[in-house]
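One structure is given below, encoded as C-alpha cells.
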C-alpha cells in the first residue's frame, strides 16, 4: 500500500489573466520518456524553435556508479533531443519535458573541461539576470558519487555562466541552458548548508506563483548519496528551506526563485515510503500541453536519510522522474528504494 506525507501549496491567484504576457506567444510543451541503453540516446520532437525552447528531465537509474547513471541532456536540433552518459550499463529511463515559448531567448552549450579545473566562466550573450534562470545537467566518468558529481550553475554578471565544483575537477561534460523570459522575475538566493547541518531557512520578498530550482557543490572528500541529496522547498509567503536528511560535509548552493509571466504554479513536498518506487500525487487540473513538472533539487533530486556510501551509493533512491500522468495527476517515480524513504519537493508549472 502506498502512503505519503503530502503538503500541497497552490498559487493563490489561479488563472486570472491567463493569456499572452509581455509579448510572449502561446507556450507548447512536448512530453516523453526515453530509454538510454548505450552511451547515447535520441528522442524525436515535433518541430520547435530551439532558440525559444528549453528542456527539463528526470532520471530513473538503479546504479551505483556515476559513469552509468549520470545523464546530460540537451535540445540538439529542431526535431531532436540528445541524452548522453559516460559509459553504457544498466538501462536508464528519462522522463522529459520540452518547453517551447515564443518570445523567450535560450542560449545553450556543452562545456567539456580541457584540464582538471574546478570552476569555469563560460561567456554568454548579455542577459538581464533579473529575468533569466539556468538549467544544467552533466555526466561524469567516475566510480563513486561524491562532491564533484554536484555542479553549481549560476550567472556571474550579465555575460558569464559559472560552472563549479569544490575540488577534483568538473564532470566530463556539462550541458547548460540559459533561459531569458521577458517579464519574468528571478531571485537567486545563495548560501551554505554547514558541515553536519540538515537544513537552512531562506527569506525572499515573495514566493507567490514561483518555483525554486537549486544547484550545489561540496568537497570531494566525502562520498555517498544522502549528504549530497539537497532540495529546496517553499514553506511560506516569504520563506524557503534548503534541506537534506543525511548529515555530511558543507554544501554551497545557489537557489533560483522564478516567477514566469502568466504562469500557474503548484508545488508541494511528498514523502515516498521505504518500499515504494512510485506515487501519484493529486494536483489541480492543468492543460498538459502547456504544463511541465520537475523536482527542485536540480530538476530531478529529492532528499533521503539513506547514507548510500560506496559501494551502496545508489542514486536510484533519490533521483526521480516527474510526469504528468493526467491533467490532475503528477506521477513521481524512482528506480530503487534500498528500503529508504525519499522526500520530493516538486513543482508543476502551467504556462499561458
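Read-outs throughout are calculated quantities, based only on the coordinates presented, and are distinct from any laboratory measurement. Worth saying up front: this structure is predicted, and the values here are computed from it rather than measured. Because the Cβ atoms are built from the backbone with ideal geometry, glycine has one as well, and the counts that use them run over all protein chains shown.
General remarks:
- Footprinting exposure proxy for 257, 87 (fewest neighbouring C-beta atoms within 10 Å first): 87, 257
- For the chain, the equivalent ellipsoid derived from the alpha-carbon gyration tensor has semi-axes of 27, 23, 21 Å in decreasing order.
- Debye equation applied to the C-alpha atoms of the stretch 163-209, log10 I(q)/I(0) at 0.18, 0.25, 0.31 Å⁻¹: -0.98, -1.07, -1.18
- Note on the stretch 50-119 and the stretch 320-352: Cα centroid distance 19 Å, given to the nearest whole angstrom.
- If you model the stretch 49-162 as an ellipsoid using its alpha carbon gyration tensor, with each semi-axis the square root of five times an eigenvalue, the axes come out at 26, 19, 11 Å, biggest first.
- Global geometry of the stretch 177-301, whether rounded, prolate or oblate, following the gyration tensor of its Cα atoms and the 1.5 cut on a/c: oblate
- Considering helices alone, the calculated mean residue ellipticity of the chain at 222 nm is 0 deg cm²/dmol, with DSSP H runs of length four and up weighted by -39500 (n - 2.57) and normalised per residue.
- Ordered by the count of other Cβ atoms within 10 Å of each Cβ, fewest first, 137, 41, 119, 243 give 119, 41, 243, 137.
- Per-residue Cβ neighbour rank within 10 angstrom, fewest leading, 281, 156, 92: 156, 281, 92
- Calculated on C-alpha atoms, the gyration radius of the stretch 54-120 divided by its Kirkwood radius gives an Rg/Rh of 1.01.
- The chain: most fluctuating residue of 284, 313, 209 per GNM, C-alpha cutoff 10 Å: 284
- Largest-first principal axis extents, alpha carbons of the stretch 116-236, Å: 43, 35, 18
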